[in-house]
Structure formats: C-alpha cells, structure tokens
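*Asks:* Take a look at this one; I'll ask things after.
Only the coordinates and a few stated rules stand behind these numbers; no lab work does. Every value quoted in this text rests on a predicted model; they were computed, and no experiment measured them. No Cβ is skipped: glycine too gets one built from the backbone with ideal geometry, and neighbour counts run over all protein chains shown.
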Amino acid sequence: MKLSRRLLVLLSILLSFTLIAAACGDDDGGASASSLDDSLGLVTVGSGEEIQIRSLEAITGDVAFLGIPNERGTVLAIADYGPIGGHDVNMGTGLDDLCSADGGQAAAQTIVSDESVIGVIGTSCSGAATAAAPLIAQAGMVMISGSNTSPALTSDLQGTAGENWVAGYYRTAHNDLFQGEAAATFAYDELGIRNAAAIHDGDPYTNGLASAFKNAFEAKGGEVSGFTAVNKGDTDMVPVLTEVASGSPELIFFPIFEPEGDFIAQQVGGVAGLEGVTLMAADGLLNDNYLGLPESAGMYFSGPDVRYGENTNESTGKTANDFLAAYEAAYGEVPSAPFWAHSYDATVLLLDAIKASSAEDGDSLVISRAGVREYLNGVTNFSGLIGSLSCDAFGDCGSQKITVIQDTDPTDVEGAKNNVVFEFAP
Amino acid sequence: MNELAPPRQILDQDWRRILQFGSLCALTLVFIALIGMPVQLDTRILIRRHLSLGYLSLIWIPMIMGYLVSKELVLEGIISAKKGPRDLLAGALTGMIGGAGLSLLAVLINNFDLRDPLLNWSPQTLEQLNFGNGIGFGIGIWLLIGGALGIFGSALHVLPALTAKAVGVALMTVALVSILETAITDLLEGFRLTFITDSLYAKRGGLSVVSTIVLVVFVALVTVLAAGQGDALRVKYDALDAPRRKSANLTMSFAGVIALLLLPLFLGKIMNELLANVGLFVLLALGLNIVVGLAGILDLGYVAFFAVGGYTTAVLTSPNSPWISPELHFGIVILIVIVIAAMIGLAVGAPVIRMRGDYLAIVTLGFGEIIRLLFLSDWLSPYFGGAQGITNIPPVDLGFAEVKGSDPRSVFYLVLFFCAIAIYISWRLQGSRLGRAWMAIREDEKVAEAMGINTVNAKLMAFVVGAILASFSGAVFAAKVGSIFPSSFLILVSIIILVVVIVGGMGNITGVIVGAVVLIGVLGGPKQPGLLQELGTFKLLIYGALLVFMMLKRPEGLVPNARRSHELHQEEFLQDAWLKGIVDDDDEEVTA
Amino acid sequence: MTAVGVRSTRRVSWVDRFLTTLRIVLIALIVVGLLAFIAQQIDNDNAFARRRNPGATGLTAAQVKGLFVTGVAQGAMYGLIALGYSMVYGVLGFINFAHGEVFMLGTMSGFIASTKLSDAGYWESNFIGSFLLIILIAILVSTATAVVMERVAYRPLRDSPRLIPLITSIGVSFFIQNAVLGLFGPNSKSYPQLPEWLAKNRTILTFDIPGTKIMVLVVAAVSMAGLWWVVERTKTGKAMRAVAEDKEIAALMGINVDRTIVLTFAIGGAMAGIGGILWGLSFRSVTHLTGFLPGIKAFTAAVVGGVGNLGGSMAGGVALGTAESLGPQVILEPLGVKGVSQLRDAVAFTALVVVLLFKPAGLFGERLSEDDRA
C-alpha cells in the first residue's frame, strides 16, 4: 500500500494547488473607458502592443487557389493602411478554414481564445463560415468575408434574414441570389435562350449558384431541361453532358472549378446533341489559366466586375493596379482568383472601423467592440477596389454588381476580362 | 561492455556504408528543400532569431544519419567494436555529404531555372539555403553544418551513456517545448502560471536564447540526477505481489480518471477543442478496433456509420432539416441513432461478411462512398439537404448544462461520456464469449466455424457494435459543429481512423487511445488541426512516412496487444530464445 | 472457387434470406430500369416510361453510342491499371493501394516531358516521336517507382500478416501523393494540345469516335497483347505464374522468387505508366490526386473481372467503365432518379456488389494459390 498512499498524497497536493490557483482568479476589470460603448466589451491595446486581427482562409486543399490570394489581399491591405493610433496591426499566422464547417469551427476556437482579437477577415468558403461566424460573433468580434456568397449567411435580399445569419457577420462579396439572377437574365433577355441546363459539382457554392440560376431562369419563363452534377475528381464528362444533351439545351451554365470545368469545355464538342450549344461559367473559372484555354473561346463568364483597374480604395488611396503590381513583386505570380480585391476592401473596412471606434488613453488604445459593429452597420458608399460598398442590415456590404464577360480570344486574357457584354445591378 | 574489441583505427572505415548513408542524407535534404518545407515553415520561430521550424526540418536529418551510420552493428548477437574517434569521422563525413547535397542544390538553383515543373526551385529557397548571404556562403556553411551535426549525432554513441542520455533528453525537451508553444502557453495559462510562459517564450513567439540555455542545463541536470530512479520504481513495482500490484494499478487508473476529469477545467478553448476532436476520434477508433482489431474484418468504409450518426442527429434535431424536423431531444435521438446505425450495420454487413478479407475491404470502401454520395446527391437533397447540408443543429440540452460547439469543454465531457461507454463495452466484450469467438475468427475462420462458432452472427455483431460506436461519434460531431455537410465524410476519414487503430496498437484499448492522442492530437485529423497546426500541407506527407516507418519497424503499434505482438514477431522471439540459450518455445518466458 | 462456394451444411440463416432478397431486388431494379429505358426509347409518351420519370426524353442512338464508346475507353484505362493490382495480388496476396500513385506518376512525368517537348517545338513537328518518347519516359518512371516501392516498403514485410503490407501501401500512397503535391504544387496541369489529325472524330461501324479514344483503345489492346505474350509464352511468365501458385515450391524448382516478384511489380508499373499517358492525353490534365479514384476503380475492376486473372482484369475494367458510363442514364434515370451523373461512382460500386453477390470470384473467376484464397 506504500506506493498508492504516496500517490494519493501527491494527488491531493496537486489538487489543492490547482484549487488555490483557480481561486486567485483574475480580476483585470475594464480599462477606464471614456465615452466608448462597452456593451460588447472593450479591448485595450497597451503601450507598444499591436492591434490583433486574424485571417481565416482556405489556404490548403483544392480551394487554395481562392484562399491564398484572399490572405495575401489582407496582408497587403494591412501594410498599405499603416498603424492606427500609433499601434501596428498584426494579422498573426494566417489560419486555415479547410473549406469545411469542422475546419472553420476549430480555427474559430483558436481565434476566440485570444481575447485581444478585434475581427477576422474570412472565411473563403460559406460552409466554414456557418460554423465559424457564431463563435466569432459570440465573442464580440466581427467577421468580414471577401468570398462567402451563400444567401443563408446574410439575407434573401428581400429583408428576410438567412438561416445562418448572425449579427457581427459581414461580407464584401456579392450574394449568390444576385449572380444567379444576373446569369439567368443575361441568358434569357440578352441571348434569347429559352432552354438551358445547369451543372454543379456538389460543392455548396456551386450547388447554390446553379440552383439560383435555375430558379431565376424558370421565374422568367424559361425551361431548365437539365439540372445535374459532376463529382470532384471526375474526368470523363461525356456521360454528364449526354445527360443534359437529352433535353437539347441551348445553353449550359456550369459554375464549377478547375479541372472539371476544363473537361467540360474540352469534351462538349464530342457529344451528340450539343452541337452549337452556348457555354457559360461563373467566377470559379474566371482566372487566367482557364481564360487562356483554346476551348474557352466564345464562352461567357458571370461574376463580380473584375475591371478593378483604376478603382481606388478611399482609405489607403491605392488603386487595384497598384495592388496587382505590389502582389506580383511580393509573390512572383498573378492572383489565381478575383476575390483578393474583396478581401482587401474587407480588411480596410475593418481597420477603418477600429480607427473610428477607438480612443487613445495615454499610450494605449481602447477599442469598443460594439463600436466596430456600429461603424460597419453604417458603411454607405465607401469607395473600394471593387467599387462602391454599402452595408445592409444583414451584413451584405459588397457592390452587388454582376457582369458577364465573353472570352472571344483565349490568347488575350486581359482583353477577355475587359470584354463586358452585360452588367446587372439592382 | 568490457569484452569489446578495442576501437578500430580512424581510417579503418566502412566507406561503402558512409557513402550509402551520406547519399541518403543528401537525397532526403534535397527532397525536403524541394517540397518547400524550409521556406513554408520559416515563419514559425522556435528559438527567437536563431532557429525556425523551416530550418529544423533540415537540420535533424544529418544528426540522425550521423547517429545511424555509427550505430553499432549487431551481427549474430556480437557487437562489432568499441566506439571511438573513428565513429566521429564517419558521422562527420556522412553529414558533410548531406550538406554537400544541399550546397549542390543551391548552386543548381542559382544557375538553372527549373521552376516550371518544380514549384520550390525558387529564389526564396535559394535565399533560405544561403541564409541570405550569397551563394558562396551557402555552400560553405552547409558543409560545415552537415559535418558538425553528423559529428554530434555520432557523438551520442561515443559519449558515456549517461551524458549522451542527458544531451538527448535536453535536446528533445527544447524541441518539444518550442514546437508545442501554443499548447504549453494555453496549459500554463489555465493554471495561472503565465509567469513561466512569459519568461520562457519571447514576445512574438519562440524561445529566447537565454531560456533555451537555461532549459538545456536544467533538463540535463535533472536527467543526470534522476537517472536510475525510473528503473528503481519499475523494479519496485515488479516486485509487488499480485493483489498489491492490482491495487496500485487501480489507484493509478483512478488518478488518471480524476486528472482527465479535472484537466479541461484548466485548459483554454484551443486545448479543449483539441481534446474534443481527439475524443471523437478515440470513439471512432474504439469502434473500428472492435471490427478490425478483434474480429479481423478490414472495414475501409467505416466513415459511413459516422455519417449515418451525424445525419440522423441532424435530421431529427435541426429546425432546418428539409424533410421532417421533429426537433427531438438529443437523448431520444441517441436511441434512434442506435437503432438506425445497427440496421445500416446489418444491411452493409450482411452482403460483405462472407467475402474474403481484401474483397471485403474494397466493397466496404465502396459502401462508404455510396453512402456519402447519397447524402450529397441532388436526388436525396429533399431529405438530407444535398450539397447544402443541414445547418442550425441545436446544442445538446442536458438540463443542468448545454453542450455546444462554442464551448468545447462541454463537448469534451460529452465525448468522454461516450468514450467511457465505448471503453466499457470493448473491455467487457474482449473477455466475453463473443469476444473470444471474434478472436477465434480472426485467427482462423474455418477452424472457428468447425469449433461450432456461428461465424456469420459473430461477425455481424462486430459490424453492428462498431457501427453504433461510430454513430455516437457522428451524433456528437453534428451537435458540436452545428451543421453537417457531406464533405466531412470522405474516404480519407476511414483511412485515418484505420491508421489510428493500427499505429496505436490493434486490438488494444489503451493502444487505440494512445494512437488517437498521438496522431489526431499532435498531427491533426483530416479536417481537424492538431498541435502541429503549422505543418498544414505537410501533414499527410508525414502521416504517410510515419505509417511506412511504423509498419517496417513496429508493426504491432505503439501499445501492442500481447497476442498480436507474438504473431508478428514469432521468428524474432525464436531467434532471441536461441541466442539466450532458452530452447523451449514458451512465449511467456521469452518475452519476459 | 471452393473456399468461397462451400459452406457448412447448416439450416438457411436469415442472412441467406436477406441476401436472396437483396439479389432479387437488385435484379428487379435493373430489369425495370432497362425496360423503362427501352420503352422510353420506343415512345416517350407511353405509360410505362412516364410512370417514374414523367420528364423523360430518351436518348438518341448517337448519344447511346457515345456513352458506350467513352465507357469502353475509360474502362480500357481502368483495365491497364487493374493489371498491376491483379498481378501483385496474385503473387503477394495484398492490395497494393499505392499502385494508383504509380499510375499518377506516369501521367505526371508525361506532362513534364510533353510540355518540355512542346516548348522546344518538337511536340508539334513530330508528334509520333514525342508520343513514343513520353510513353517511354512514363514507363521508366512508373516502373522505377514500383520497383523501389517493392524494395523499400514491401520486401521486408513479405512474411507478415497481410494487413501489414496493406497498411504500408496506404502509407506509401499518402507519401507519394503529398510529395508530388509539395514538388509540383496543387494546381491542375494541362498537357499540350493534340494534333488535329489525331483528335478529330472518325466513323467506324457507324460509331462516331473521337481520335483520342481510338488511340486509347489501340494502345491498350497492344499492351494487353504484349503482356499476354510475356506471361503465357515466355519463361519469365511461367516463373511468374509458378510464384503466384506457390512461392515455396517455385523456389524449390529453382525459380528466383525475389527476382520474379520484382519483375511482377515492374510489369505492373509499366502497364500503369502506359495507362497514365493515355489518361493524360485523353483528359489533358493531371494533379497529385489523379491516381486516387482511378486506382480504387481499377482495383474494383480487378475484383469484378477476377483477381489474378489478367484477361479478366482487362475485361473487368471495360465492364466497369461501361457500367458507370451507361448505368446512370440507362437504369437510374428511367427509374426517376434526379441528377444521375452525380451517382456515377455509386453505380460503379453497386456494380461491384452485384457481381460479387452472384459470382463471388468475379466474372471470369480468380486465379490465386490456395493460400491466398483463405
């Protein structure tokens, strides 16, 4: 029994020690706040300390093409913005949302466990946001995404909150409902198409967009003769194209990603019944590699207005061209997806909000969490890289303008991006 | 050790061996540099201003190779020669060849452009290799570093055993303390010992130089002083008679349980989240352990039952469920989950159990995919939400507390509860009639059948029990994440669970738990970050390498099951027995 | 056959009843689906076709033929990969999960070689020469990978329980996949364009077939014939068959077992390399994940055809390829399932289950030693 008694003693010592430690809990108390709204708490950034924000994007896996430029957009925005009240802004290590609900949740736990964080830029994927946003919001932080587009996260644009909407969530990307409507309007009104088909790839984003297109197209009186999906990793697209071919559509809308999008464009010519069909994709394929494919000649692409060009962010004074130059200099390549601009503007909005809702207290800076939200709720006609931004009651801040471009010449990618054939704005 | 031959002459080297290890060292280093580890992991600082995780990914190789090249060769039980300066030279040469490999790479990157296929043939890699000091510096420094590390590695053989041990332990501690910074900070914060972290780590992460030195000295001293204590304790424990040993065991497990129950109270969100994830995988691994470890059925579609548990919970509790949404209480849901999982287990099990081992593997893998595709499909989306999944799954209301994803501590306790059930079931089953039937089937199915065991029923039972345990995990997972998408149930999950079981020790409850803690806790799960979150894209690469290494060196797993270990090492046991002069085949005696 | 077919004479258990029901239900579904498909082909408006799928439109003859051709071509590639699985399984008795990565490395090396050739202008000026060159490179890379894999990972485990090499092969698969990811990056890489004379459609026996698919079928047939000749007509092939039958007796007969096993891996690797190039040229795209799904499908094909049976593996590949390309639209769609293309993989795995329910040793029977059947 000797051994066990000794263990018991050890255990009880350990226990009492931890209990004492727990009893001496912290009572930091609030910083002597001035007139700041402290309903969600205040954050004090001490002398010489940094203001903490975080980036949460899909930087690994098959959506990394989207997440990596987003993260870099945030990095460059912080650098352009400079310090706030003498305090540098620190993004920490870029976190990974793994483009999934579980990944988003785990990363969000990491973020909220650091109570000095004011806000998060992200996520890349709407699925990750559904799990991450409630955690972030509950901690009094805000989350601004540059590429979530699911209507469930904000509203249906008619004043009804989406089922996953939480206060404290904002985004600069457009709402899917818009893009679906824009694509359907273009196909029905401009191209005069009455019979269309839609193909998605089982991703919540592509599925949502294809459904939005279907609903809008049918609402206009058109017929969607085929609505189906491929699986990620599929290579042989003849079966899926044959499936939609049986309805003899005049247009196929496939808002999917690479490489499956490449296969559809390459193999559509060999399927009986699809001769002369019009192809239309969305922003998932709106990148230089795809626009350069010989088979993408003549295709239409719906998406955000990517003629960022000389658009200027009013807070940093930088234009999109400045940004692209800085991006290439820093990373040796061009961005692989167009949402870097949305992330840049999202970051600047957050930093503006911090600036507006903080007060200097000696050498330290006191930031009001409620004030940050209040500022963001009131954003109207902010001029950013993506155009004019105004936040609605459910966090949709993006410029809800959708354009359709046509790739007439795959050897001239820049020309294709500027070849806007249709604009859609409410 | 005294009867060894005297050290051999310095130049009396096994040149072929040096060349072999040297080129292996060089190849590994070049490979690591080209997959981009040094550059991508460079932002993670281990020792402020001196060492990043990126450089660490390179420098451990020459050290290990130096250690291996001078490792004593045991031929027929006879140790070759006493260690001496000769071995230091061997280590140095091996390390230098490795360093030369990196130097060569730097020169090649400097002069040729292969960035087109090779992503990391980049200026950043070159700069990293040169320490930002120009190509000439880079070439020289890697020869030096390689040589020095090689000597260091081989020196571990030459130094007196105690010193070598102290140095080794100190280095490992520094590596662990710096790599696990987040976890340690979180842990110490929970115990209100922030003054330790403040003095240990520099302000923006990483150990400071001073604290590194203090840590090394401290740990080395402790190792030297504590030498032999552990063995003494072990001897004491072995000397206890059976009832006392039992009570000691009991006390220890009791203390373990208390610690496990109290620990989460002192942990922050990151660590609790980690524990909750580990718990979910422990639950899955315990279930698969019954199927694979006890009954010997290789199920590669195990994730299907995880998905069934998750989706059943989502449909029955979420107000957003597209089909029926009765919004039942979690307690009732669990009962329904058990029934549904058991039914699916039977339906999947019945067609496959008569199949031969490997056919069964591919068919179960197929079933796993079929079930995921059905949940994903547009066809069934009016029932299960398709690609949009099911969101707004409510927290578990326990009356006195709420289990929800935003409070990982509560999730951990819930998982712990289910793990306790799973452990109890596994433990009871192992010794039961059914458990013995499973083991008999695993050893030889025909003989088992001849002995009157109803193999079909026994195997189906394994399937059903495994399915139920996995569905528990799925149910908790759904409540934890609050939403459910088909992308959480890829084949990869099945494979990772299997890896956890195998690496931990198949057929052994403790082993399976250890496996989950080590793999999921440290490296991370398929979509769950582990302690080494920074590894990011390299996680699966390390998984793969670790798996091959384990299977080659320790196929019985980290905590082996005694019976399986015998199966795997029969020949070695016999060999050992022959060497030790024990001629009879009594396994008990040989292993002792 | 014996070990699987014969069971102890016990009363019929509920499991047997369940399986019989399952067989009947599956067959009934297939028959009803087929009949409905035929009905809807004859007349869209007949009551039988309208019953489950009111919106049915049916397919044109050209579309059905197109589906068939693409299925056969896809299946031929599965078959080439399946040969490697089948041969290794025949000799060593475990599923070499990493074989899909051997195939992927073939595709990847072909991509690198072909882009370099294209940059040099040789790809356009002399396509046949480039084609032979990249096939050669892919074969070399795949063979070397397979042989090294055997030497490093599998040989030390020759005598361990079969679960151990299987797990090892999963590890090797993870490793290769992620090493390629690290080395070449995550983006999908595109092969250069094929020359017009090869890619254009040709009409053979009223089938309108894209040139790339003809190439796939011809190359697969030639490789298969070559392999058949090696295995059935040469001494090496005899040694391989002997080792597959019984390693110990083969060794007693003076056959170098180690060498024969290495050779088996090498030939399997070469076939995967050829398959890889065909894949790359057909779909003109490769990533580090290219080998994963085709690898699993190929093993499925090997099981469908009968493991260890080379002709069976090839036939199994073609059967599986055809089933997954025709099945969704010929059977599922008339049954009223929506978005059938999404369920393609599900159809492939269901086909596997159906085959094994009726013929537990695969369509053409397995050829394994008594040992491996246990």
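*Asks:* Quick check: convex hull of the Cα atoms in chain B, volume per residue, rounded to a whole Å³?
*Replies:* Normalising the Cα hull of chain B by residue number yields 200 Å³.
*Asks:* Continuing with the same structure: Kirkwood Rh, Cα Rg: Rg to Rh for the stretch A:86-156?
*Replies:* 0.97
*Asks:* Can I ask one more? Inside 10 Å of the C-beta atoms of B:342-351, what's the mean count of C-beta atoms belonging to other chains?
*Replies:* Mean shielding by partner chains, rounded to a whole number: 3.
*Asks:* Nearest 5 percent is fine: what portion of the DSSP beta bridges confined to chain A is antiparallel? Write down the numbers at each step before the final one.
*Replies:* Details: 23 of 53 bridges.
The answer is about 45 percent antiparallel.
*Asks:* Give me the lysines in straight-line cross-link reach of residue B:83: C-alpha distance below 26 Å, same-chain residues under 8 apart excluded.
*Replies:* B:71, B:165, B:553, B:580
*Asks:* Could you pull out every one of the lysines with an alpha carbon less than 20 Å from that of residue A:355, ignoring same-chain neighbours closer than 8 positions?
*Replies:* Here the lysines satisfying the reach criterion relative to residue A:355 are A:318.
*Asks:* Name the long-range amide H neighbours of residue A:145: under 5 Å, sequence gap of 5 or more, or other chain; modelled H, no Pro or chain starts.
*Replies:* Here A:122, A:170, A:171, A:172 satisfy the definition.
*Asks:* Follow-up question, since we're still on this one. If each residue's Cβ is checked for other Cβ atoms within 10 Å, how do A:342, A:87 rank with the fewest at the top? Mind showing how you got there, number by number?
*Replies:* Working: A:342 29, A:87 22.
Ordered from fewest to most neighbouring Cβ atoms within 10 Å, A:342, A:87 come out as A:87, A:342.
*Asks:* Any idea what the alpha-carbon Rg over 2.2 N^0.38 Å comes to for the protein assembly as shown?
*Replies:* 0.93
*Asks:* Say R0 is 22 Å: what FRET efficiency, to the nearest 0.05, do residue C:62 and residue C:38 get from their beta-carbon distance?
*Replies:* FRET efficiency, residue C:62 to residue C:38: 0.80.
*Asks:* If you don't mind, there's one more thing I want to ask. What distance in nm separates the two pseudo spin-label positions at residue C:207 and residue B:14, each 7 Å out from Cα along the beta-carbon direction?
*Replies:* Taking the two extended label points, one gets 5.9 nm.
*Asks:* Which FRET efficiency value, to the nearest 0.05, do you get for residue B:42 and residue C:198 by plugging their Cβ-Cβ distance into 1/(1 + (r/R0)^6) with R0 = 51 Å?
*Replies:* Efficiency for this residue pair is about 0.65.
*Asks:* Which Rg and Dmax, in Å, describe the Cα atoms of chain A?
*Replies:* 24.5, 90
*Asks:* For the stretch C:69-318, just the Cα set please: Rg and Dmax, both in angstrom.
*Replies:* 18.0, 56
*Asks:* Related question: Please report, for the Cα atoms of the stretch B:161-227, the Rg to one decimal and the Dmax as a whole number; what are they, in angstrom?
*Replies:* 12.6, 38
*Asks:* List the aspartates and glutamates whose Cα sits under 20 Å from the Cα of residue B:480, skipping any in the same chain fewer than 8 residues away.
*Replies:* A:96, A:97, A:102, A:163, B:273, B:327, B:397, B:402, B:407
*Asks:* Remind me, relative contact order of chain B in percent, using alpha carbon pairs under 8 angstrom and six or more residues apart?
*Replies:* After rounding, I find 14 percent.
*Asks:* If you take every residue apart from residue A:157 with its C-beta less than 14 Å away from the C-beta of residue A:157, what net charge results, scoring Lys and Arg +1 and Asp and Glu -1?
*Replies:* Numbers: positive: A:171, A:401; negative: A:156, A:176, A:181, A:392, A:396.
Every neighbour counted, the sum reads -3.
*Asks:* Find how much the distance from residue A:383 to residue A:116 grows on full extension, using 0.36 nm per residue of separation minus their present alpha carbon separation; answer in nm with one decimal. Numbers along the way, then the final one.
*Replies:* On the way: separation 267, 0.36 × 267 = 96.12 nm, distance 2.89 nm.
Answer, rounded to one decimal: 93.2 nm.
*Asks:* Under 5 Å between amide hydrogens, which residues at least 5 positions from residue A:154 or on another chain qualify, with H placed 1.01 Å from N in the peptide plane?
*Replies:* A:162
*Asks:* If you don't mind, there's one more thing I want to ask. Across chain C, how many lysine pairs, 8 or more apart or on two chains, come within less than 26 Å at their alpha-carbon atoms?
*Replies:* 16
*Asks:* With a cut-off of 8 Å between alpha carbons and a minimum separation of six or more residues, what is the relative contact order of chain C in percent?
*Replies:* Relative contact order comes out at 33 percent.
*Asks:* Rounded to the nearest 5, what is the percent of antiparallel bridges among the DSSP beta bridges in the protein assembly as shown?
*Replies:* Working: 38 of 69 bridges.
If I count the DSSP bridges inside the protein assembly as shown, around 55 percent turn out antiparallel.
*Asks:* In percent, how large is the relative contact order of the stretch A:352-413, given Cα pairs closer than 8 Å and 6 or more residues apart? Mind dumping the intermediate values first?
*Replies:* Working: 60 pairs, mean separation 11.6, N = 62.
Relative contact order here is 19 percent.
*Asks:* By per-residue mean of other Cβ atoms within 10 Å, what is the highest-first order of B:482-494, C:243-255?
*Replies:* Values: B:482-494: 23.5, C:243-255: 16.0.
Final packing ranking: B:482-494, C:243-255.
*Asks:* Which order, highest average first, do B:389-397, C:289-297 follow once you tally other Cβ atoms within 10 Å for each residue and take the mean per peptide?
*Replies:* Highest mean packing first, the order is C:289-297, B:389-397.
*Asks:* Per residue, what volume in Å³ does the convex hull of the Cα atoms of the stretch C:30-100 enclose? All intermediate terms of the calculation are to be shown ahead of the outcome.
*Replies:* Numbers: hull volume 9.2 nm³, N = 71.
So the per-residue hull volume is 130 Å³.
*Asks:* Determine, for each peptide in C:267-278, B:507-518, the mean count of other beta carbons within 10 angstrom over its residues, then list the peptides with the highest first.
*Replies:* Working: C:267-278: 30.0, B:507-518: 23.7.
With the highest mean Cβ count within 10 Å placed first, the list reads C:267-278, B:507-518.
*Asks:* According to a simple spin-label model (label point 7 Å from Cα along Cα-to-Cβ), what is the distance in nm between residue C:124 and residue A:409?
*Replies:* 1.7
*Asks:* Sticking with this one: Please give, to one decimal in nm, the separation of the simple spin-label points placed at residue B:234 and residue B:398, each 7 Å out from Cα toward the Cβ.
*Replies:* Here the modelled spin labels are 3.9 nm apart.
*Asks:* For an R0 of 51 angstrom, estimate the FRET efficiency from the Cβ-Cβ distance between residue B:343 and residue A:360 and round to the nearest 0.05. The partial results should precede the final answer.
*Replies:* Details: r = 65 Å, r/R0 = 1.28.
Computed FRET efficiency for residue B:343 and residue A:360 comes out at 0.20.
*Asks:* If you count, for every residue in A:223-233, the Cβ atoms of partner chains within 10 Å of its Cβ, what is the mean?
*Replies:* Working: counts 0, 0, 2, 4, 3, 10, 13, 4, 11, 4, 7.
Average neighbour count from other chains, rounded to a whole number: 5.
*Asks:* Could you tell me the center-to-center distance, by alpha carbons, between the stretch B:166-208 and the stretch B:30-62 in angstrom?
*Replies:* Distance between centres, Cα-based: 19 Å.
*Asks:* Could you give the length gained by full extension between residue B:554 and residue B:113, i.e. 0.36 nm per residue of separation minus their alpha carbon distance, to one decimal place?
*Replies:* 154.6 nm
*Asks:* Shielding by partners for B:370-383, please: the mean number of other protein chain Cβ atoms within 10 Å of each residue's Cβ.
*Replies:* That works out to 5 on average.
*Asks:* Against the empirical 2.2 N^0.38 Å scaling, what ratio does the C-alpha Rg of the stretch A:115-250 come to?
*Replies:* In units of the 2.2 N^0.38 Å rule of thumb, it is 1.24.
*Asks:* What base-10 log of the normalised intensity I(q)/I(0) is obtained for the stretch B:268-488 from the Debye formula, alpha carbons as equal point scatterers, at q = 0.10, 0.14, 0.18 Å⁻¹?
*Replies:* Taking Cα atoms of the stretch B:268-488 as identical point scatterers yields -0.45, -0.84, -1.24.
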